[in-house]
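*Asks:* Before I ask anything, let me first share the structure, which is written out below as structure tokens.
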Amino acid sequence: MFMVVRTPPNPAVGATVKRLREARSMTQEDVAFAARLNVSGLSKLERGKVDPLWGTIERIAKTFGMSVSELAQAIEDTAG
């Protein structure tokens, strides 16, 4: 039997995505379209309600012209 452990979403992920989006003067619609997300999902991410899957992280990083490791470092910096 497997036990599923759910952890709360990391608010630093959403805060970083929002900060990077705003620094690029992009709307949620801009990022959602470029990263093949829906706006509602991106909004939930930015508000710290959900954590993204790895594929989403990859697409968001690409949208911002970053590597996944650069985005991960930005998230770490936000988390402090």
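*Asks:* Could you figure out which of (1) crowded, with 16+ Cβ neighbours inside 10 Å; (2) under 11 Å from the mean Cα position of the chain (by Cα); (3) in contact (Cβ under 8 Å) with a residue 40 or more places away in the chain isn't true of R19?
*Replies:* Result: R19 passes all but (1).
*Asks:* Could you say which residue among V68, V50, V39 is under 10 Å from the mean Cα position of the chain (by Cα) and among the β-branched types (V, I, T)?
*Replies:* Of the residues listed, the single one that is under 10 Å from the mean Cα position of the chain (by Cα) and among the β-branched types (V, I, T) is V50.
*Asks:* Answer yes or no as to whether V31 is touching a helix residue (DSSP H, G or I) at 6+ places or on another chain (Cβ under 9 Å), in contact (Cβ under 8 Å) with a residue 60 or more places away in the chain and within 18 Å of K62 (Cβ to Cβ).
*Replies:* The answer is no for V31.
*Asks:* Quick one: would you say L37 is in contact (Cβ under 8 Å) with a residue 12 or more places away in the chain and part of a helix (DSSP H, G or I)?
*Replies:* Numbers: in contact (Cβ under 8 Å) with a residue 12 or more places away in the chain: yes; part of a helix (DSSP H, G or I): no.
No, not satisfied.
*Asks:* Picking from V13, V31, which residue would you name as being surrounded by 18 or more Cβ atoms within 10 Å (Cβ to Cβ), in a helix (DSSP H, G or I) and in contact with a Lys or Arg (Cβ under 6 Å, 6 or more places away or on another chain)?
*Replies:* On the way: V13 fails: in contact with a Lys or Arg (Cβ under 6 Å, 6 or more places away or on another chain).
One residue alone meets the criteria, V31.
*Asks:* Identify all residues within segment 40-77 that are free of Cβ contacts under 8 Å to residues at least 60 places away in the same chain, hydrophobic (A, V, I, L, M, F, W, C) and part of a helix (DSSP H, G or I); write none if there are none.
*Replies:* L42, L45, W54, I57, I60, A61, V68, L71, A72, A74 - these are the residues of segment 40-77 that are free of Cβ contacts under 8 Å to residues at least 60 places away in the same chain, hydrophobic (A, V, I, L, M, F, W, C) and part of a helix (DSSP H, G or I).
Just so you know, all these numbers are worked out from the coordinates, no wet-lab data involved. This one's a predicted model, so the numbers in the text were calculated from it and none came from an experiment. For neighbour counting, all protein chains shown are included, and Cβ atoms are generated from backbone atoms with ideal geometry for every residue, glycine included.
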